[in-house]
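The values are calculated or read from the model by the stated rules, or taken from the named source; none is laboratory data. Only a predicted model underlies this, so the values are computations on that prediction, with no experimental measurement involved. In this analysis, Cβ positions are derived from the backbone assuming ideal geometry, glycine residues included, and neighbour counts consider all displayed protein chains. Heads up: the accessible areas ignore ligands, DNA and RNA and are worked out on the full protein's heavy atoms, side chains in. Shrake-Rupley method; radii C 1.70, N 1.55, O 1.52, S 1.80 Å.
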Amino acid sequence: MWIAFAFGSALFAGLTAILAKCGIKNTDSNVATALRTIIVLIFSWIMVFVVGAQKGLADISGKTLLFLIFSGLSTGASWLCYFKALQLGDVNKVTPIDKSSTILTMLLAFILLREALSPLKVVAMIAIGVGTYLMIQKKEKKQDGKWLIYAIGSAVFASLTSILGKVGIRDVNSNLGTAIRTIVVLIMAWVVVFVTGKQHTVKQIDKSSWLFLILSGIATGASWLCYYRALQTGPASVVVPIDKLSILVTIAFSYAVFHEKLTAKAGIGLVLIVAGTLLLLL
């Protein structure tokens with residue numbers, strides 16, 4: 001069953017980007033992030049009570065809590081950058097950069113956590129890196145390049161999230177750690193909304209945008225439920241790469257919904273990213 005849950009995680013993660021893109025068409029991306037985080041927070045605490053992890057709240061040390069907070073801040077920054085990039089750029093270009101956080105995570109794990117880098121992992125990293133480069137080639141029509149800056153920011157903060165989160169959840173249930181981090185993300189997102197003075201735009205959100213934002217939050221929550229359920233019974237070395245295959249779902253739906261087509265070069269890039277990801281399964 002853990003394989004089914006792993007692929008379920010990838011499916012819902014892939015849908016998240018598409019639903020979010022639909023929801024932020026006429027909505028400020030920071031406001032959209034803050035609103036959908038409420039849904040994600042509900043799901044994360046549902047996970048906590050489902051597995052009975054709430055009992056561990058009293059046992060969390062100050063050090064663990066500190067790392068969870070830092071991890072939450074990194075997650076918040078990653079989400080804010082990611083959804084801003086989605087608002088400005090094409091889904092099939094933003095998503096590959098976001099998924100390239102896998103490379104940064106492995107490098108940071110090697111440097112900071114002294115985790116080994118096998119020759120196979122190095123080959124996988126190169127394949128994912130080259131594939132990402134091919135997929136973000138410039139379009140013939142002129143497009144604002146700000147999306148690229150936000151997309152890179154999303155990947156950098158996502159990789160920091162993984163490293164800080166790994167340190168933070170050593171002595172705490174992963175579901176409880178995720179729920180605590182999500183509280184930090186929610187606070188951070190709303191602080192950004194009020195600092196930028198966008199809180200009044202909530203009243204201007206149309207019904208269609210509300211629907212897609214809610215569905216996006218539900219998709220993220222469902223992805224997390226499947227992901228951590230898969231990790232409970234399946235090996236992380238297999239579950240994590242399967243989850244990263246969500247890029248295939250995102251690209252497929254970006255074509256079906258937004259008619260974003262891949263060039264031949266971008267198609268080769270996608271094949272390399274998938275091949276590099278699958279190499280991590282070996």
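Each peptide in 83-93, 52-62 was scored by the mean count of other Cβ atoms within 10 Å over its residues; highest first, the order is 83-93, 52-62.
Of all complete DSSP H helices in the chain, those with a Cα span along the helix axis of 27 Å or greater and a mean Kyte-Doolittle hydropathy of -1.0 or more are 2-23, 29-50, 62-88, 146-168, 174-195, 207-233.
Ligands, DNA and RNA are left out, and with a 1.4 angstrom probe the accessible area of the stretch 6-91 is 37 Å² per residue. Annotation: per residue accessible area for the stretch 175-282 equals 49 Å², rounded to a whole number [probe 1.4 Å, protein chains only]. When Arg36, Arg181 are compared by accessible surface with a 1.4 Å probe, the order from highest to lowest is Arg181, Arg36. Of the solvent-accessible surface of the chain, computed with a 1.4 Å probe and all protein chains present, 69% belongs to carbon and sulfur. Step through the table entries Lys198/Lys244; Lys21/Lys203; Lys63/Lys93; Lys21/Lys55, compare each Cα-Cα distance with 27 Å, and write down the pairs that go over it. Check vs 27 Å cut-off fails for Lys198/Lys244; Lys63/Lys93; Lys21/Lys55. Take 116-126, 145-155 and order them by the average number of nearby Cβ atoms within 10 Å per residue, most first; the result is 145-155, 116-126.
Net charge dipole, the chain: roughly 380 debye, given to the nearest 20, about the Cα centre with Cβ charges of +1 for Lys and Arg and -1 for Asp and Glu.
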